[in-house]
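Read through the structure below, which is laid out as structure tokens, and then see the notes.
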Amino acid sequence: MILLLSIPIFLTIWEIALFIRELKKNPFDESWAIDALVFIFGAIYARLYGVYKWITWEDWNVQLVNAERHAPIYTDSLFTVVVIFIIAFAGYVLLQRKELTKMPPLVVVLSISAMYLGMIQLIVYTIQIVGAKIDNDPLDYSVIVLPVCCGIITARTILRKIHERKEQNTTNDKILENKILRVADKILRKADLWPVLAFLLMFPLLGILIMILILFGQAPDSIIKAWTETSEWALSTKQSPPNLHVDEHYLCTVAAGGHRKIVKPIRKGIRHGHEVIVNRQLCIANAFEEVLQEKTPRAHRLIRGFYDKYGFPVAKLIRHKWSADIVYFLMKPLEWIFLIVLYSTDVHPENRIAVQYTGYKK
């Protein structure tokens, strides 16, 4: 845990040190390697945070179970969000890896604009998460580390290109012959103006991206819907249905959490005073346990003790539909054995199965 928490702190301190070296015009040539670690660990920690917070990729209108949370990004607009991040990363790579002497000033400014778009979107995402304050968990503030590091990377990358430009002294005689182009060239070649020009060009760049994304089926306002068409988060405008409580019995988890076409839920039932989703496999297993308790109570206590020790931990690992589906198939042989026992010991086995989790006794 100490190592897990120390890595982001270590990378942040390192990025600050690299920025200070850039201010002193003593850049570290391999700074891109540290940046790569920030991007890689940023993605890993974002995923770990999602698992820790039970964040799904279901939209606000889907009913979830237990502590699950809806996606902080509207899935229909996810393509737009991803494209903007890719464009921002491409701008960073272009500025970081290509020599300034081989880059037209307009390309430099547009690359900075792309990084601005990525940073703004990352800040919006951070506000979406941190601003929710659903359970006032201090760990929520850990997501601030990534935008802080990316902000430092953006500032350092821009500063490096400004320093490189000031060390050059190049002109283009053909351009200087045209008055309009001469003025534009004069403005673009002033490195100190690049951050401001990039901010102004950011809006036309975003407009062009939106028009291109429309051709791929994205809505014109998808950049806004990405954050507002959500529930439970800071910028959300939707109210999701209340989560369904699912018992920690792992077959209850399978019945409620797997794909409907596979686990085949049939109805709602009652277990320990709350609603659960029931499928036939769950009813058969519970009916078998009931018969076992009636016929051989000692064996039932031993089996129940084994399940309480190992079954509940297994249930906590079932966090995805595919994992619930796998458990469903793995339980099939046992389900058939349970069914054979029921048909061998009970006069009306289907009646016993049917009344499971209804509150009635056979």
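Readers should treat all values here as calculations from the given coordinates under stated rules, not as data from a laboratory. Owing to the predicted nature of the structure, the values given are computational and were not obtained by experimental measurement. Counting neighbours? That spans all protein chains shown, and the Cβs are built from the backbone with ideal geometry, glycine included.
Shape call for segment 1-40 from the C-alpha gyration tensor, a ≥ b ≥ c root eigenvalues: rounded (a/c under 1.5), prolate (a/b greater than b/c) or oblate? The shape class here is oblate. If R0 is taken as 45 Å, the Cβ-Cβ distance between Arg47 and Trp336 corresponds to a FRET efficiency of 0.75.
Working ranking of peptides 292-301, 77-86 by packing, defined as the average number of other Cβ atoms within 10 Å per residue, highest first, is 77-86, 292-301. Label 7 Å along Cα→Cβ of Ala90; segment 198-238 residues with amide nitrogen under 17 Å? Those under the cut-off are 202-218. Around the amide H of Arg271, modelled in the peptide plane, lie the amide H atoms of Val276, all under 5 Å away and 5 or more residues distant in sequence or on another chain.
The length gained by stretching the chain between Asp137 and Phe199 to full extension, at 0.36 nm per residue less their Cα-Cα distance, is 18.8 nm.
Count the net charge of all other residues whose Cβ sits under 12 Å from the Cβ of Trp227, scoring Lys and Arg as +1 and Asp and Glu as -1. Spell out each step's value before the answer.
Values: positive: Lys225, Lys238; negative: Asp221, Glu229.
Around Trp227, the surrounding residues sum to 0.
A compact globular protein would have a Cα radius of gyration near 2.2 N^0.38 Å; the ratio found for segment 186-225 is 1.56. Sequentially through segment 43-58, phi angles give Karplus couplings (6.51, -1.76, 1.60; θ = phi - 60°) of 5, 5, 5, 4, 5, 4, 5, x, 5, 4, 8, 6, 7, 9, 10, 9 Hz, Gly and Pro residues having no value and appearing as x. A cut-off of 5 Å between modelled amide H atoms, ignoring neighbours fewer than 5 places along the same chain, links Ile55 with Arg69.
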